[in-house]
Amino acid sequence: MTTTVSATGLTLRYGGTRALDDVSLQLTRGVTGLLGPNGAGKTTLLRVLATVLPPDRGEFTVLGHDPGTAGGRRSARRTIGYLPQSPGFHPDFTAFEFVDYVAILKELTDRGARHREVRRVLEEVGLGEVRGRRMKRLSGGMRQRVALAAALAGDPGFLVLDEPTVGLDPEQRMRFRELVARRGEGRTVLLSTHQTEDVAMLCHRVVVLAEGRVRFEGTPAELTARAAGRVWRSTERDPGARAGWRTGTGDFRNVGHPPEGADLLEPTLEDGYLLVLDASRAEVTAP
Amino acid sequence: MTWHVTEEDLRAYARGELTAPLLWSADTHLMTCADCREALTRTSDPQTLDAGWERLDAELDAPRPALFERLLLRLGVADHTARLLTATPVLRRSWVSSVALLLMMTVVMVRTADSPVLFLGLAPLMPLAGVALSYGPVLDPTYEMTVVAPLAGFRLLMIRTVAVLTAGLALNGLATLALPGYGLLALAWLLPALALTAVGLALAARLGPLAGPLLVGGAWIGTLLVAQARESGTLAPFTPAGQSAAAAVTVLAAFLLYRARDRFDARPAGGLANGPGR
């Protein structure tokens, strides 16, 4: 697979801490998930890759363009669709007007072509029917989809989505996954999320970030495999487990280092994720 | 219905050659007038007609241009530029505040009619305030969403600056008409206004969208106070020497602003709402 977005040594300091600490990664076409606890630096990384913030150190390219130069930045921005974590709105805009406004800023200056594009992306996020409604009359989930439509306008080759599934109900989330999966074909999509489920169902690659560093980069299957032989069943909570909880069946499900002869269970992506975080925490606290 | 689209316009419409605002009048009319729709069918071949229907369909959702936007279009401003200028509440607000300031100043002026000093001192601040209020993350809720769009940043700033300056200078000019007794002196605000705006923007590239203009505004008021303490006649900035200095500062600041243009694109002005990142 050819690399579409490539970053080396990205470092960004903020308020005395390193929000990003020597982050290097390669993205290819398809959907990549960015997982990490709060404060891990996910939003900062997305902002840097979307060219919102320049890094203090390190470099990256987006579809062959170097955002470190003025010309390269403009070329890169022509290929980027960005959905921030909390996109703001002008409350009196209609959904159509909002997307139209963003589309103008994306240099879609031909009126007819732009209006067709605005309709297309609003249809794509399932909001064709309410395009004339004002933003303040739309629900939170609908507004999120309008913002997504604005990010999709102009058919960007690199889509950066910061926690796009927050505030969506399960059905909306499912529709959203369908949409992103469709978009991921032939394009590069990077999305941050707290939902390991999103990653398991949607992403062909996953990056785990903690304390501003990349702790894992690979396929979801590889992340799941990190927990192979590390998940077991017991009738009491195992004191040696990193995490353990009673499941619906009454048994305990434990993640960590199983005792000899333990009743091993099939791991999930979430188990792998917990263990990667656990290992990174141990590294941080080690003397 | 007393008005109908002329046959000539219908043919142009079918070919997609009719331009706004005539195009919108035709669109709106065709939606409700069966006669004209039939006439349109007669004047055009099926293929161009399909394209026409598609355009009409898209037109139904299009934002209806308000009075001011229509005015800009009639003045020859490109459709997308007019939209950018009028669609942003931030910008409207900056104009509203400009007008409010102007009215306030006029009242003050009338009350202190024996001297134009207060007007000359305040007038240059108005375009500066308008420009400062017209951009930046503090006042634009969609800032982070749009900051990475290729037209955002310096290009958008310039579009808005030219618009706010034009409006501000026109309003100031109108107010100047109320001071006929002072001759050319009443226009002495113009060059300081351009200088303050240019310096404010050049500093904004380094200090952020609020600190830059605030600093310049403060420096201007300070200069006036010092000048007033020293002289009893015309204040230094409004003498020929002061005007030349203002012109020189304008040119220099414009040059520096152009040199620093990439700063407006490279990094969010004044930081983002919730810090550089979490």
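The values are calculated or read from the model by the stated rules, or taken from the named source; none is laboratory data. Source: prediction; values computed, not measured. No Cβ is skipped: glycine too gets one built from the backbone with ideal geometry, and neighbour counts run over all protein chains shown.
Yes/no matrix, rows are residues, columns are (1) aliphatic (A, V, I, L, M); (2) modelled with pLDDT of 90 or more:
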| position | (1), (2) |
| --- | --- |
| B:ALA202 | yes, yes |
| B:LEU215 | yes, yes |
| B:GLY218 | no, yes |
| B:ALA227 | yes, no |
| B:GLU231 | no, no |
| B:VAL249 | yes, yes |
| B:ALA254 | yes, yes |
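Just to be sure I understand the filter: pairs with C-beta atoms under 6 Å, separated by 6 or more residues or on different chains, first member in the stretch B:193-219 and within 10 Å of B:ALA132 (Cα to Cα), second member β-branched (Val, Ile, Thr). Which pairs pass?
Every condition considered, the pairs that remain are B:THR197/B:VAL131; B:GLY200/B:VAL216.
Please go through the stretch A:1-45 and pick out each residue that is hydroxyl-bearing (Ser, Thr, Tyr), outside any strand (DSSP E or B) and closer than 23 Å to A:ARG281 by Cβ.
Within the stretch A:1-45, A:THR43, A:THR44 qualify.
Just to confirm my filter: which helices (runs of 4 or more DSSP H) fall fully inside the stretch B:78-179 and include at least 1 residues that are modelled with pLDDT under 75 and within 14 Å of another protein chain (Cβ to nearest Cβ)?
Per the criteria, B:79-87, B:89-111.
For the stretch A:262-287, what are the residues that are at pLDDT 85 or above and assigned to a loop (DSSP other than H, G, I, E, B)?
Selection gives A:ALA262, A:LEU265, A:GLU266, A:PRO267, A:THR268.
Give A:LEU45, A:LEU25 a once-over and let me know the one that is closer than 23 Å to B:THR146 by Cβ and in contact with a Ser or Thr (Cβ under 9 Å, 6 or more places away or on another chain).
Being closer than 23 Å to B:THR146 by Cβ and in contact with a Ser or Thr (Cβ under 9 Å, 6 or more places away or on another chain) holds for just one of A:LEU45, A:LEU25, which is A:LEU45.
Taking the stretch A:100-116 as the region of interest, how many residues are assigned to a helix (DSSP H, G or I) and under 22 Å from B:VAL77 (Cβ atoms)?
Count: 11.
Look at A:ARG182 and say whether it is in a strand (DSSP E or B) and surrounded by fewer than 22 Cβ atoms within 10 Å (Cβ to Cβ).
Spelling it out, it is not the case that A:ARG182 is in a strand (DSSP E or B) and surrounded by fewer than 22 Cβ atoms within 10 Å (Cβ to Cβ).
Could you grab me the full set of residues in the stretch A:166-183 that are of a type outside the set (D, E, K, R) and at pLDDT below 85?
Result: A:VAL166, A:GLY167, A:LEU168, A:GLN172.
Could you tell me whether A:VAL166 is more than 7 Å from chain B (Cβ to nearest Cβ) and assigned to a loop (DSSP other than H, G, I, E, B)?
Yes: the conditions hold for A:VAL166.
Which condition does A:GLU107 not pass, out of (1) more than 7 Å from every other protein chain (Cβ to nearest Cβ); (2) within 27 Å of the chain's Cα centre (by Cα), if it passes all the others?
Looking at each condition in turn, A:GLU107 falls short on (1).
Given A:ASP21, A:ASP66, which one is under 19 Å from A:VAL276 (Cα atoms) and over 18 Å from the mean Cα position of the chain (by Cα)?
Result of the check over A:ASP21, A:ASP66: A:ASP21.
Filter the stretch B:14-28 down to the residues that are crowded, with 18+ Cβ neighbours inside 10 Å and in a helix (DSSP H, G or I) and list them by number.
B:ALA14, B:LEU23, B:ALA26, B:ASP27
All but one of (1) surrounded by 15 or more Cβ atoms within 10 Å (Cβ to Cβ); (2) closer than 30 Å to A:THR11 by Cα hold for A:VAL255, so report the exception by its number.
(2)
Taking the stretch B:196-246 as the region of interest, how many residues are more than 18 Å from B:VAL117 (Cα to Cα) and either surrounded by 16 or more Cβ atoms within 10 Å (Cβ to Cβ) or in contact with a Leu (Cβ under 7 Å, 6 or more places away or on another chain) (or both)?
Adding up the residues that qualify gives 19.
Table: residues versus (1) within 8 Å of chain B (Cβ to nearest Cβ); (2) of a type in the set (Asp, Glu).
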{"position": "A:ASP56", "(1), (2)": "no, yes"}
{"position": "A:PHE89", "(1), (2)": "yes, no"}
{"position": "A:VAL99", "(1), (2)": "no, no"}
{"position": "A:LEU127", "(1), (2)": "no, no"}
{"position": "A:LEU148", "(1), (2)": "no, no"}
{"position": "A:ALA153", "(1), (2)": "no, no"}
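Hey, among the residues in the stretch A:61-87 that are surrounded by fewer than 23 Cβ atoms within 10 Å (Cβ to Cβ) and part of a strand (DSSP E or B), which one's nearest to the other protein chains (Cβ to nearest Cβ)?
Filtering first and then ranking leaves A:HIS65.
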